[in-house]
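Q: Have a look at this one.
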Amino acid sequence: MRLLVIGRSGQVATALGRLGHAAGHDVRCLGHDGIDILSRDAIDAAIAQFNPDALINAAAYTAVDKAEIERDAAFSLNMRAPELLAAAAASHNIAFIHISTDYVFDGAKPRAYEPGDAICPINVYGESKAAGEVAVFTANPEAVILRTSWVYSETGVNFVKRMIELGAERDELRIVDDQTGNPTFADDISQACLSIAASSDVRAGKAGGIYHVAGRNDVTWHGFARAIFDETRQRGLRTPARVIPITTDQYPTPAQRPKNSRLDCTSTESRFGIVSHPWQDRLKACLDRLLTDARS
Ligand SMILES: NC(=O)c1ccc[n+]([C@@H]2O[C@H](COP(=O)([O-])OP(=O)(O)OC[C@H]3O[C@@H](n4cnc5c(N)ncnc54)[C@H](OP(=O)(O)O)[C@@H]3O)[C@@H](O)[C@H]2O)c1
């Protein structure tokens, strides 16, 4: 396949480039420097030049707290740009895959969120991503939207890397223990994008809709931090002596976070055969690569 990916050095864009090339696809990743995604002309030109089978949008404004004071920037990248990309894909008759987030939900549901559940964001980032979902489907009803959660990888900014940095410096960490979610390795979202792009139904415009892709099993941030330190300690890294569970109220942030971020991925498995992997196994895979890269 020929795949045009929007985003280059981000967590998902990097994994898409690496896994796509490894699978023998012709993948072009365009980040900030490669394309103006707020220009329909620029998007049309990139599609015309590369002639892809699918357009995958892995770009976003992802600074959740900063979005509270940069509302316009968040909406430009998370609503307007996806709308333009979706419309361009529709007029060039190519598949369009867009990535969204668990933060479109308020977290009040007692069970995992299913794709059809009502969206109700509680922060500006979530509002902008929710508006992006609506704009994408309005522009392109055949689009596929993949919602994911708690993304980590060996690249970019994420919780796993932050814990390793803090663990090297501190004896005690206080981590929120009343927000629950499904940590997701960027490789797994990327692999899902590749499988979905290859689906004949998606290529024929017959599988448009929202799907969830996230790690199997849920955990709180505190539980995730403990698992990260258990793994990194075994690999010889310094870890804090104490990792103390705290409540969200004890760790105020500019943006409110949903207490429940769990995503039900059942329909993704039944529709596309994409199976979620336990986050515990995928954390090990991420750390193996992260620590090997750091040593080489
Ligand atoms: N991170 C999470 O925990 C999380 C959770 C749920 C959902 N998601 C969603 O997953 C998707 C991927 O997130 P991520 O974690 O990979 O994000 P990320 O690491 O923050 O990367 C953001 C990407 O967006 C690209 N980008 C930003 N502005 C751009 C612009 N004006 N033009 C072109 N590209 C631009 C960046 O391009 P450059 O390569 O040029 O820097 C980068 O590749 C996003 O839709 C995000 O909302 C993320």
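Q: Tell me which residues come under 5 Å, amide H to amide H, from Thr101 once H is placed; ignore anything under 5 positions away on its chain.
A: Hits under the 5 Å cutoff: Thr148.
Q: Helix 186-198 against the longest principal axis of the chain: what's the angle in degrees, Cα atoms only, rounded to the nearest 10?
A: The two axes meet at around 20 degrees.
Q: State to the nearest 20 debye the size of the charge dipole of segment 1-135 about its Cα centre, where the only charges are +1 on K and R beta carbons and -1 on D and E beta carbons.
A: On the way: 11 positive and 17 negative charges, 68 e Å.
Approximately 320 debye in magnitude.
Q: Just going by the charge dipole of the chain, with Lys and Arg at +1 and Asp and Glu at -1 on Cβ, which of Ile56, Gly34, Leu283 is farthest out on the positive end?
A: Result: Leu283.
Q: Looking at this model, which pairs from Lys66/Lys284; Lys129/Lys206; Lys129/Lys161; Lys66/Lys161; Lys259/Lys284; Lys109/Lys206 are more than 22 angstrom apart at the alpha-carbon? Could the numbers behind the result be given before it?
A: Details: Lys66/Lys284 30 Å; Lys129/Lys206 24 Å; Lys129/Lys161 24 Å; Lys66/Lys161 20 Å; Lys259/Lys284 25 Å; Lys109/Lys206 30 Å.
Those over the limit are Lys66/Lys284; Lys129/Lys206; Lys129/Lys161; Lys259/Lys284; Lys109/Lys206.
Q: Hey, another quick one. Can you list residues whose amide H is under 5 Å from Val5's amide H, if they're 5+ apart or on another chain and H is modeled 1.01 Å from N?
A: Here the answer is Arg28, Cys29, Leu30, Ile56, since their amide H atoms fall under 5 Å of that of Val5.
Q: Moving on. Accessible area per residue, 1.4 Å probe, Å², for the chain: what's the number?
A: 44
Q: Tell me which residues come under 5 Å, amide H to amide H, from Asp264 once H is placed; ignore anything under 5 positions away on its chain.
A: For Asp264, whose amide H was placed from the backbone, the distant partners under 5 Å are Tyr113, Glu114.
Q: Label 7 Å along Cα→Cβ of Arg18; segment 265-296 residues with amide nitrogen under 12 Å?
A: 285-294
Q: With a 10 Å radius around each residue's Cβ, average the other Cβ atoms per peptide and rank 134-140, 190-196, 116-122, highest first.
A: Taking the mean over residues of other Cβ atoms within 10 Å, the ranking is 190-196, 134-140, 116-122.
Q: Okay, moving on. Spelling out what I want: for every residue of segment 86-100, take phi, set θ = phi - 60°, compute 6.51 cos²θ - 1.76 cosθ + 1.60 (Karplus), and round to whole Hz; glycine and proline get x.
A: So the Karplus estimates, Gly and Pro as x, are 5, 5, 5, 4, 5, 6, 8, 6, 10, 5, 10, 10, 10, 9, 10 Hz.
Q: Through the Karplus equation 6.51 cos²θ - 1.76 cosθ + 1.60, θ set to phi - 60°, convert the phi angles of segment 123-137 into ³J(HN,Hα) values in whole Hz; use x for Gly and Pro.
A: In residue order, the calculated couplings are 8, 5, 4, x, 4, 5, 6, 5, 5, x, 4, 5, 5, 4, 5 Hz.
Q: Using Cα pairs under 8 angstrom and six or more residues apart, how large is the relative contact order of the chain, in percent?
A: Taking the mean separation of contacting Cα pairs over the length of the chain, I get 21 percent.
Q: Taking Cα centroids, how far is segment 93-168 from segment 224-269 in Å?
A: Going from one Cα centre to the other spans 17 Å.
The values are calculated or read from the model by the stated rules, or taken from the named source; none is laboratory data. A quick note: this is a predicted structure, and the numbers were derived from the prediction, not measured. Virtual Cβ from ideal backbone geometry, glycine too; neighbours counted across all protein chains shown. Each accessible area value is taken on the protein alone, full model and side chains, heavy atoms only, with ligands, DNA and RNA left out. Shrake-Rupley method; radii C 1.70, N 1.55, O 1.52, S 1.80 Å.
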